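Encoded as structure tokens, the structure appears first; notes follow it.
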Amino acid sequence: MTNNNHTVANVPLDVDVAIIGAGIGGLATAVALRHAGIDAHVYERTKVLREIGGAVVIREPSVRLFEAWGVSDRFHTEAVQLKGIKVLDSDGKAIGTIPADLTGEGNAYSVHRADVHALLLEGVDRQHIHLGMESVEAFEDGDRGVVRFADGRQVRAKVVIGADGIKSVVRKFIHNDELIFSKLVVLRGLAPSSAMPESMPNDHLYRWGQDARSLLLLPLRGGAEVAMDSVMERDTPPQDLWTSEVPMSELLDFFEGFDPATIKLIEAGTVPVRANPVYEREPIDTWSTAYITLLGDAAHPMAPRAGQGANQAIQDADALARALSGEGMTNVPDALRRYHEERAPITKKMQLASRLSPEIQPLPVGE
């Protein structure tokens, strides 16, 4: 997990590019812009920079970008290339194997979200990351985007990029819609790979169970750990929007009657099980104004079924950096229009696909 409390006393408030949010999307954008020779500053509301969460599946197009940006060494150390997807019933009987390449994009890798966050952080100038900057409003003033923070300060920029997640403050300036609770809660835990059955090498994605109860297993940390994800249906979300701790007894009760190996794996958990309610938004037709744009979950939040949220944010970052490079910074409105035209059709298709049945199945990819 990344844990960095670096901040700068004199925060620059007149910059070329202001990125709001230091999650995977925001840091990927900072790395991509730096690679393109564009100066960008990141403004993050938290006072300690860290990325929590569980496993993510990173696909080949994102890995190629990591390599182009010079941040791939740590990725290849931590990530596990998935050799396939194995489906088992609740008794542990093998049903079948599906290729890991569900989307037609090439290899797929399982990695902890915190490890992706850490490798991107290594590609950003730490002096350009400003913590404790809680944004409360975004607007335009002449030929600048402006973001106002909770302490009254304002940053003015030629480009403001809202990478501030599904609760995006920047999005409200463009489209003031409401969060939609999907009535799904993802439970996330970790266990040592030594708790896996000998017949299940930790280099595959496993889906254990086929009814409303299923356990998804993904390898992490070079195969030393395994992420355990399951989905529960709830009419109302946990009290905390993002995470709340779930007693292990509740998870064990949920999987009562499953293969005993499942119970052993859950009992071997090394971290508290966290409940992450899944929220969605409807696709929107406009991501940008003249000098303000959106990226990642701020633009197109996705349910976790498609395994594409992090990938699409990373690929947004690349497209935006390409649009702003060269003459892009001299005609920002045109650059943001080109960025939106490239990315919106692809991400809309993925966003809608992420709402499909939780059954593992091929997903569409844009041209």
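Under a straight-distance cross-link criterion of Cα-Cα below 20 Å, which aspartates and glutamates are reachable from K47, leaving out those fewer than 8 residues away in the same chain?
In chain and number order, the partners are D115, E122, D125, E134, E137, D151, D164, D240.
Nothing charged except the Cβ atoms of Lys and Arg (+1) and of Asp and Glu (-1): what's the magnitude of the dipole of region 18-156 about its Cα centre? Round to the nearest 20 debye.
Its charge dipole is roughly 200 debye.
Between V231 and residues 5 or more places away or on another chain, which pairs have amide H atoms under 5 Å apart, with H built 1.01 Å from N, and which residues are they?
Placed amide hydrogens put L187, S214 under 5 Å from V231.
Can you give me the Cα centroid spacing of region 160-195 and region 101-122 in angstrom?
For region 160-195 versus region 101-122, the Cα centre distance is 18 Å.
For the pair D73/K183, report the inter-label distance in nm, with labels modelled 7 Å from Cα in the Cβ direction.
Output for this residue pair reads 5.0 nm.
For T270 paired with K348, estimate the spin-label separation in nm (one decimal), with each label point 7 Å from Cα along the Cα-to-Cβ line.
Between T270 and K348, the label points sit 4.4 nm apart.
Which value, in Å² and to the nearest 10, is the accessible area of D334 when all protein chains are kept and the probe is 1.4 Å?
50 Å²
Mind checking which of A299, Q315, I266 is farthest towards the positive end of region 263-317's charge dipole, using Cβ charges of +1 (Lys, Arg) and -1 (Asp, Glu) about the Cα centre?
The listed residue farthest towards the positive side: I266.
What per residue convex hull volume, in Å³, do the alpha-carbon atoms of the chain yield?
126 Å³
Full-extension gain between D253 and E105, please, as 0.36 nm times their residue separation minus the C-alpha to C-alpha distance.
So the extension gain works out to 49.5 nm.
Cut-off 10 angstrom, C-alpha nodes, Gaussian network model of the chain. Which of V147, V170, V11 fluctuates the most?
Top of the fluctuation ranking is V11.
Please give the solvent-accessible surface of E267 in Å², to the nearest 10, using a probe radius of 1.4 Å with every protein chain present.
Surface accessible to solvent at E267 totals approximately 110 Å².
As an exercise, find the ratio Rg/Rh for region 118-172 from alpha-carbon atoms, using the Kirkwood inverse-distance average for Rh.
Taking Rg over the Kirkwood Rh, I get 0.99.
Report the residue, chosen from I161, I129, I284, that carries the largest GNM mean-square fluctuation when the chain is represented by alpha-carbon nodes joined by springs under 10 Å.
Greatest mean-square fluctuation among the candidates belongs to I284.
State the percentage of accessible surface on the chain attributable to carbon and sulfur atoms; use a 1.4 Å probe and exclude ligands, DNA and RNA.
Carbon-and-sulfur percentage of accessible area, whole number: 47.
Residues in region 14-43, backbone N under 16 Å from the label point at E140 (7 Å along the Cα-to-beta-carbon vector): list them, ranges by number please.
18
Helix 60-69 against the longest principal axis of the chain: what's the angle in degrees, Cα atoms only, rounded to the nearest 10?
Long axis of 60-69 versus the principal axis of the chain: about 50 degrees.
Given N residues in region 24-110, what is its alpha carbon radius of gyration divided by 2.2 N^0.38 Å?
Computed over Cα atoms of region 24-110, the ratio equals 1.43.
Nearest 10 degrees is fine. How inclined is helix 309-324 to the longest principal axis of the chain, computing both from alpha carbons?
Approximately 20 degrees, to the nearest ten.
From the residues H128, V186, P197, which one has its Cα farthest along the dipole of the chain in the positive direction, the dipole being from +1 and -1 charges on Cβ of Lys/Arg and Asp/Glu about the Cα centre?
Result: H128.
Rounded to the nearest 10 degrees, what's the angle between the helix 24-35 long axis and the longest principal axis of the chain, both from Cα atoms, 0 to 90?
In the chain, helix 24-35 runs at an angle near 50 degrees to the longest axis.
Quick one: work out the % antiparallel among DSSP beta bridges in the chain, nearest 5.
Roughly 70 percent of the beta bridges in the chain run antiparallel, per DSSP.
With N set to the number of residues, divide the alpha-carbon radius of gyration of region 168-282 by 2.2 N^0.38 Å and report two decimals.
Cα Rg divided by the expected 2.2 N^0.38 Å: 1.21.
Starting from 0.36 nm per residue, how many nanometres of slack lie between S244 and N331 once their C-alpha separation is accounted for?
26.8 nm is the gain from fully extending S244 to N331.
Say the dipole of the chain comes from +1 at the beta carbon of Lys and Arg and -1 at that of Asp and Glu; which of S325, F173, I95 then lies farthest toward its positive end?
Result: S325.
Which value, in debye to the nearest 20, gives the size of the charge dipole of region 228-293 about its Cα centre, when Lys and Arg are +1 and Asp and Glu are -1 at the Cβ?
240 debye
Specify the residue with the greatest mean-square fluctuation among R59, R74, R281, computed from a Gaussian network of the chain linking alpha-carbon atoms under 10 Å apart.
Per the Cα network of the chain with a 10 Å cutoff, R74 tops the list.
The values are calculated or read from the model by the stated rules, or taken from the named source; none is laboratory data. Bear in mind that the values here come from a model prediction, so they are computed numbers and not experimental data. Glycine also receives a Cβ, built like all others from the backbone with ideal geometry; neighbour counts cover every protein chain displayed. Note: accessible area is taken over every heavy atom of the protein model, side chains too, but ligands, DNA and RNA are not part of it. Shrake-Rupley method; radii C 1.70, N 1.55, O 1.52, S 1.80 Å.
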